[in-house]
1. Given an 8 Å cut-off on Cα distances and at least 6 residues of separation, report the relative contact order of the chain as a percent.
2. Cut-off under 18 Å on the C-alpha distance; same-chain residues fewer than 8 positions from residue 60 excluded. Which lysines are left, in chain and number order?
3. So how do 101, 373 line up by other beta-carbon neighbours within 10 Å, fewest first?
4. Residue separation times 0.36 nm, minus the C-alpha to C-alpha distance between residue 46 and residue 104: what's the value?
5. Can you give the relative contact order of the stretch 160-299 as a percent, counting alpha carbon pairs under 8 Å and 6+ residues apart?
6. Taking the Cα atoms only, what angle lies between the long axis of helix 454-466 and the longest principal axis of the chain, rounded to 10 degrees?
7. Might you list the cysteines of the chain that have no disulfide-compatible partner by the rule of another cysteine's Cβ under 4.7 Å?
8. Quick one: of the DSSP bridges fully inside the stretch 2-171, what percent are antiparallel, nearest 5?
Amino acid sequence: MKVLFIYPNINSQVGFNFGLAFVSGMLKAHGHTTRLLNLNEKLDSLPTDEEIKAFVEDFKPGLVGISAVTPQYRSALKIARLIKGFSKTPVVLGGVHATLVPEEVLKEDCFDYACVGEGEEAVLELVDRLEKGQDTTTIYNVWAKKAGPEPERFRAGRIIPNNVRPFVDLARLPRKDYPLFNMQKLIDTEDGWARLMTSRGCPFRCTYCFNHRIVDRYRQETASSTPASGGVGYVRQHPLEEVFGEIEYLQGNYQRIKMFIFDDDVFTLDKAYLREFCKQYRGVTQIPFVVNAHVRAFDEERVRMLKEAGCAIVKFGLESGSERIRRDILHRPMTNEEIEKAFLLAHRYGLHTSAFIMIGLPYEGEKEVMETVELLARIRPGRFRWSIFYPFPKTEAYELSLKGGYIDFDKMQALENFTEASCLNFGPRHNLLISKLQRTFPWFVNRCSSNSVASLYTALTKTVEDMPAEAWQYFGDRVPGMDKELSVLLKKAHCEHYAFRYNSFTAVRSDWEG
């Protein structure tokens, strides 16, 4: 059967969809044909409705599969409705949004199925049954609808939920389908960075992340029991021979790769696995790599191994500089002292560091927002990225935000990403502060630094802070250009500072030449 995948990654950062790559690899390994519409304006101009229609009619798929996180759902819904307007081809939605709220997805008449959780085995079974004309309402991980006349079959009472199957054994999966994507264009668009994963899952239960809800669903619906992650086997690792085989494949089939980035939730978690990886890496490639770490899974032995293996950048999720917010709101109970020690250790070994933080958190006051700014100034990461808190449906952070009366559902429905605006309402004064920080965050960090630029940025941020909403609307659009001009002058004067680089939500320290 032919399967068309659609990834509505619109108005967002270019990325590699691991889920679609794995599902497509599984389908191709079993004789099916797949194509992908990878919708991102940084890769290609977005197709018109007529162009999408022509693509579908030319390919003639037996199933359309759309993958979406919640901010992408509006685009997914629009595309599914478009396809249903001219075709009877069944449409399945997968990804985070379908996993969290499948019942909401199937209330829409344009979706025939919702894939919940991991999709490799489930989508293969769905495709095989569709191809054979068999019943598709009893597939684990796939929610369906009862057959019936329109529009009755699309009412909530016609939805057929199905439990999830145990998590897939990663060693049994075919290789990800890199050719499904225009991989060379992805690599070039990301300035030579190629993405891989050595594992799946995360053992932590951060309130804002959907991982804990995935684990809860699998714990409730499966009888599997392993020691990892609450007894459901969520945290799993790919065999190292498979990982290194993928590296060799990428090097042999694509050009201009400058960096491998491992998108595991916590790459440094399993020290024994990390040790073996680092021991073998240099024998496979000389290309440097990037990993995600956790400050409580980051000691001197790990740092030394990473450095010797060729690690260039280590990234940490900090989210907030307030210990109260991390502990009580986010369930990330590491201390600021632990964070500072981790960054000092990384810097001692010459690793470039990256910090992820969020602004616009529920129950966070201005003082705690500034604690995040001050922490970044103290730890001096090589770069940092900020996103705006987004309450994924059914997560604990969503429930906390709902309880506090923060969520503006109209704004939430309109958002397409986590970087441009908040869907929480804090009141006019704090809303304006979040808007200002979203556009000028590195200026505030520069203000708190111990460098000579602090006084300059103190004056700049004072101007921003005092600016009324009407003036800010005009001034905010000028910030990127101002920042670029100012950074050029400061670099000529050899003044260390943070400036925007790559996009509007990443700041890089001026001594980084990568």
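1. That works out to 10 percent.
2. 2, 28, 84, 88, 132
3. With the sparsest Cβ surroundings first, the list reads 101, 373.
4. Gain on stretching residue 46 to residue 104: 18.2 nm.
5. 29 percent
6. 60 degrees
7. So far as the 4.7 Å Cβ criterion goes, 110, 115, 202, 278, 311, 423, 448, 495 stand without a partner in the chain.
8. DSSP beta bridges in the stretch 2-171 are roughly 20 percent antiparallel.
Read-outs: derived from the displayed coordinates by stated rules, not from any lab. Source: prediction; values computed, not measured. All Cβ positions, glycine included, derive from the backbone under ideal geometry; neighbour counts span all protein chains shown.
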